[in-house]
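This report concerns only the one structure given below.
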Amino acid sequence: MTTTGPTGTPDASRLVAWDRELRAVHTRLRDALRIARDAVDDAADDAAPSRELLLFCTGFCAALDGHHRGEDRVVFPGLLAVAPQLRDVVDQLVRDHAMLSHLLGELQRAVDAREGPAALHRHLDGIEAVMETHFRYEEKRLLPVLSGLALDATPRDALGPLADEA
């Protein structure tokens with residue numbers, strides 16, 4: 001639930017521990033990937049993916065993409081404003097986002113084409129490999145700065161649909 005101000009608009013001024021928010025979102029994205037994999041495994045005996053599988057894969061794609069769009073639009077500019085020395089790190093993370101966007105697009109095409117479980121697992125394997133490397137690098141390089149960062153944004157705007165706004 002989003003905290004709201006007196007006008008009923010989201011209150012972005014509440015204290016947010018961005019380092020904890022980022023870790024929590026990464027955990028939720030790992031969980032979403034695991035659920036998508038489980039849905040692929042459950043569909044392994046079927047010739048075509050089930051509606052449930054299609055929803056899990058599509059939902060995972062939307063969540064990860066939304067997370068990266070929020071970082072690119074809100075978090076990274078905020079970080080660079082207080083820590084311009086992180087420019088090379090942020091540039092690498094943005095390149096990772098572009099690669100993951102491409103891989104998510106390929107997974108979505110495979111889902112839309114109703115490819116079988118083996119093909120979907122190959123796509124998920126590639127996404128997981130890049131995602132895990134990206135998350136570890138991001139946490140190692142950004143968490144110390146994020147712990148003291150003040151952003152005029154809600155967690156959802158900054159970190160995507162899986163951000164905790166309670």
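Readers should treat all values here as calculations from the given coordinates under stated rules, not as data from a laboratory. Since we're looking at a predicted model, the values are computed, not measured.
Structure notes:
- All alpha carbon pair distances within segment 18-159 were sorted into 5 Å bins beginning at 0; the resulting P(r) in whole percents reads 2, 10, 20, 22, 16, 12, 9, 6, 3, 1, 0.
- Counted residue by residue at 0.36 nm each, then reduced by the alpha carbon distance between them, the extension gain from Glu139 to Arg114 reaches 5.5 nm.
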